[in-house]
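> Below are the C-alpha cells for one structure; questions will follow.
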Amino acid sequence: MEFSIYDFTSFTKSLDKLLNENMSSFWATSIEMLLIGVGILAFYALVGLFLVYAERKVCAFIQNRVGPNRVGPYGIIQTIADLFKLLMKELIPIKNADKLLFNIAPFIVIIASFLAIAAIPFAKGLHAIDFNIGIFYVIAVSSMGVIGVLLAGWSSNNKYSLIGAMRSGAQIVSYELSVGLSLITMVIFAGSMQFSVIVEAQRDGWFLFRGHIPAIIAFVVYLIACTAETNRGPFDLAEAESELTAGYHVEYSGIKFAFFFLAEYMNMFIVASIAATVFLGGWMPLHVGGFSGFNHVMDFIPPFFWYIGKTFFIIFIMMLFKWTFPRLRIDQLLTLEWKYLLPINLVNVVLMALIVLNGWHF
Amino acid sequence: MGLIKYISGIFKGVWSLLQGMAVTSSYFVRPWTIVTQQYPENRKGNKRGRSKKKLEMFERFRGELVMPHSENNEHKCSACGICEMNCPNGTIEVISKMEVNEEGKKKRALDKYVYHLGMCTFCGLCVKACPSGAICFSQNFEHAVFNRAKLNKILNNEGSKLLKGVE
Ligand code: SF4
Ligand code: SF4
C-alpha cells in the first residue's frame, strides 16, 4: 500500500482494492463508509474544539486581553475542560416542551453540517464523495440546518427561543439566496459544479485572481452572506445574548446545547472551506502562471496544509467581522440583503457571464 | 441621482467597515498593547504569559489605613479622636492615656489606635479629617485572612511616641 502526503488517490484506491479482494462488495462499501464516518467525526470534534479556542484567543487579542491562559500552556486545554463540563451537566427536561421535536432538533442541526462536510475536498484524493453537482449539494444540505433551528425554537415552548428561531429562520432563508448566487457566479466561471474540477481548474491561478472584478465582488458578497447564514456576529441577532438571552437554544442544557454550539462552529468551518475551495483554490498550492521555479517551491507544501491554511484565513476574517462590527437590527439585516447584496449579486452574475463569453479573464 | 447615491453609499459603507477592521486587526498583531495584568504572576514581576509588568498599585489607591512612623518610632497622632468621630462605620477606636510631660503638665497621649479593617469602606474621611496628618492609606490590597479577628489591627507601634512639635 503506497502512501503519499501529496496525493491520497493511490492510497484510497489501494485501500478500496484490498477491501474488495477480501470480502464482498457490500461489506467493503460498508466498511469504507464506517471508516469515513469515524474519520469525519474525529475531524469534526477536533476542529470544533480548536475553533472555540481560536475564537476566544482571537477575540481576546483584538480586545487587548490575554484570553484563556490558565488550563495548560497558553490555555490550550481550556476547551477540552469546557467540553467535559458540558458532558457532565444535567439534561434538564422541559415540562411543556414537545419532547420528540425538542430532542430531535440538535441532531438535525448537526447532521446538516455533517452531510455538508462529506463533499468538501480536503486534499488531492482526500474527498469522501465527489458529486458532479457538489456545490449544489452543499448548498442544499447546509440549508437543512434551519429546520433544526426552527424546531428547537418552536418545541421549547418559550417565547424567547421562538423569537430567536423566527429571526434566525428569516435570516438564513434570505441570506441563502446571496450565498447561492455568489457561488453561481463562480460556477459560471468554472463551468462545473464538481469540486474536483473546480480545484483542478485553479492550477494556474486562483479564481479570485483569474476572475478579477466579478470574482472579487462575489467573494466579498459570499463572505458577508455566509457570515449571516451561520448566525455569527454582526448578524447574531438570532441569539442576541443581551435581548433574547440565547435565542433558539435557550432551553437546552448539557450536551444538547453543546451540539448547537459545535454545529455553529462547524458551519463556520464549512462555509470557510467552500470559500477557500471555490475562490482560493482549495488544496491547490499558490501557482503563478509562468514562474515554474516558484510553483515548484509552492508544490512542496502538502495540499492538506494549503487547504487548512486558506480555510483558517477565511475563518479569521469572519472572526474579525464578529469582533469589529456592532450587531445589526432585524430591519437593517433584511435591507442589507434585499436592497444591496441581492441586486449587486444579480448584476454580478450578468457581468461574469459577459466576461466568460468574451474571454476577458486570465 | 438615486443610483449615484446608492452606489456611493455602498462604497462609503465598505470604506468605514474597512477602517473599523483596520483598527481591530492592528490590535491583533500588536500583542504588547494588551492591558490585562496577570495577577498572581505579576506580584513579583516574573515572566509568565504575555504581560510581564510588575504589579504596582497607583498612588491614590486606598488599600488599608496605616499610621506612618519615623525612624525614632514616633507618630503624629495626638489622640484627639476626630477621625473616630468622622468615621461613618465605627471602624476606628482611639484609646488614649494620660501622660505627664517634661514640663510637669498632664497631657493626653495615644495608647492604642485600633482599626477594624473588616468594617472599613475606604471612604477616606478619617484621613481627610485628621488635623495632624497622622494616618494615610497604603497600597496593600491582599487582605484575605482565615480568621476575622486578624482584621482588627493596632496601627501604632509598640512603645511609639508622639513626634515632637505636633500638638
Ligand atoms: S476610611 Fe472611612 S470607614 Fe475606613 S476608617 Fe476611615 S473613615 Fe472609617
Ligand atoms: S489619627 Fe489624626 S484625627 Fe485620629 S486621633 Fe490621631 S490625630 Fe486625631
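> Please find the FRET efficiency linking A:PHE362 to A:ALA118, where r is the Cβ-Cβ separation and R0 is fixed at 30 Å, and quote it to the nearest 0.05. Please list the in-between numbers first.
On the way: r = 32 Å, r/R0 = 1.07.
With R0 = 30 Å, the Cβ-Cβ based efficiency is 0.40.
> Now, a different point. For a test of the definition: using alpha carbon positions, the gyration tensor, and the 1.5 limit on a/c, classify the stretch A:277-362 as rounded, prolate or oblate. Intermediate results must be reported in sequence, preceding the final value.
Values: a/c = 4.05, a/b = 1.42, b/c = 2.86.
Verdict is oblate for the stretch A:277-362.
> Skipping prolines and chain starts, which residues have an amide H placed within reach, meaning under 5 Å, of the one on A:GLN194, given they are 5 or more residues away or on another chain?
A:GLY134
> Oh, and also: For the protein assembly as shown, build the charge dipole from Cβ charges (+1 Lys, Arg; -1 Asp, Glu) around the Cα centre, then report which of A:LEU357, A:LEU35, A:PHE304 sits farthest towards its positive end.
In the protein assembly as shown, that residue is A:PHE304.
> Pick from B:GLN37, B:GLN19, B:GLN139: which residue has the top mean-square fluctuation in a GNM of chain B where Cα pairs under 10 Å get a spring?
Per the Cα network of chain B with a 10 Å cutoff, B:GLN19 tops the list.
> Once each part is reduced to its C-alpha centroid, what is the distance from the stretch A:8-35 to the stretch A:54-87 in angstrom?
With the stretch A:8-35 and the stretch A:54-87 each reduced to a Cα centre, they are spaced 40 Å.
> With a 1.4 Å probe, how much accessible area is buried between chains A and B, both sides summed, in Å² to the nearest hundred?
Buried: approximately 1700 Å² between B and A.
> For a test of the definition: using alpha carbon positions, the gyration tensor, and the 1.5 limit on a/c, classify the protein assembly as shown as rounded, prolate or oblate.
Here the protein assembly as shown falls in the prolate category.
> Which loop trypsin sites (Lys or Arg not before Pro) in the stretch B:19-118, with loop taken from DSSP, have no more than 16 other Cβ atoms within 10 angstrom of their Cβ?
Sites meeting the loop and neighbour criteria: B:ARG43, B:LYS44, B:LYS47, B:ARG48, B:ARG50, B:LYS52, B:LYS53, B:LYS54, B:ARG60, B:LYS105.
> Follow-up question, since we're still on this one. What ratio of Cα Rg to 2.2 N^0.38 Å holds for chain B? Before the final figure, lay out each step's value.
Working: Rg = 27.5 Å, N = 167, 2.2 N^0.38 = 15.4 Å.
Relative to the rule-of-thumb radius for its length, chain B sits at 1.79.
> Dipole magnitude of chain A about its Cα centre, charges +1 at Lys/Arg Cβ and -1 at Asp/Glu Cβ only, in debye to the nearest 20?
That gives a dipole near 740 debye.
> Related question: Please name which of A:ALA275, A:LEU262, A:LEU223 has its Cα lying farthest along the dipole of the stretch A:198-301 towards the positive end, using unit charges on Cβ (Lys, Arg +1; Asp, Glu -1) and the Cα centre as origin.
Going by the Cα projections, it comes out as A:ALA275.
> In a GNM of chain A with a 10 Å cut-off on Cα contacts, which of A:PHE279, A:PHE195, A:PHE209 has the highest mean-square fluctuation?
A:PHE209
> Let me ask something else. Step through the residues of the stretch A:53-62 one at a time and calculate ³J(HN,Hα) from phi using the Karplus curve (6.51 cos²θ - 1.76 cosθ + 1.60, θ = phi - 60°), rounding each to whole Hz and writing x for Gly and Pro.
4, 4, 4, 5, 5, 4, 5, 5, 5, 5
> Can you list the residues of the stretch A:248-288 with backbone N under 19 Å from a point 7 Å past the Cα of A:ASN96, pointing along Cα to Cβ?
A:248-252
> I want to check the label-to-label distance for B:LEU125 and A:SER292. Put each point 7 Å from Cα in the C-beta direction and report it in nm to one decimal.
With each label point 7 Å from Cα toward Cβ, the separation is 8.9 nm.
> Now for a different question. Sum -39500 (n - 2.57) across every DSSP H segment of at least 4 residues in chain B, then divide by the residue count to get the 222 nm mean residue ellipticity, nearest 500.
After summing the helix terms and dividing by the residues of chain B, the value is -7500 deg cm²/dmol.
> Pick from B:ALA144, B:ALA134, B:ALA109: which residue has the top mean-square fluctuation in a GNM of chain B where Cα pairs under 10 Å get a spring?
It is B:ALA144.
> Residue by residue, what Karplus-based ³J(HN,Hα) values in Hz, rounded to whole numbers, does the stretch A:199-211 have, using 6.51, -1.76 and 1.60 with θ = phi - 60° and x for Gly and Pro?
Per-residue couplings from phi come out as 5, 5, 5, 9, 4, 9, x, 6, 4, 4, 8, 5, x Hz.
> Calculate, for A:PHE131 and A:TYR6, the FRET efficiency according to 1/(1 + (r/R0)^6) with r their C-beta to C-beta distance and R0 30 Å; round to the nearest 0.05.
0.80
> Residue by residue through the stretch B:103-117, which ³J(HN,Hα) values in whole Hz follow from phi under the Karplus form 6.51 cos²θ - 1.76 cosθ + 1.60 (θ = phi - 60°), with glycine and proline marked x?
Each residue's phi maps through the Karplus curve to give 7, x, 8, 7, 9, 7, 9, 7, 9, 9, 10, 8, 10, 8, 4 Hz.
The values are calculated or read from the model by the stated rules, or taken from the named source; none is laboratory data. This is a predicted model, so every value here is computed, not measured. Note that each Cβ is placed from the backbone with ideal geometry, even for glycine, and that neighbours are counted across all protein chains shown. Each accessible area value is taken on the protein alone, full model and side chains, heavy atoms only, with ligands, DNA and RNA left out. Shrake-Rupley method; radii C 1.70, N 1.55, O 1.52, S 1.80 Å.
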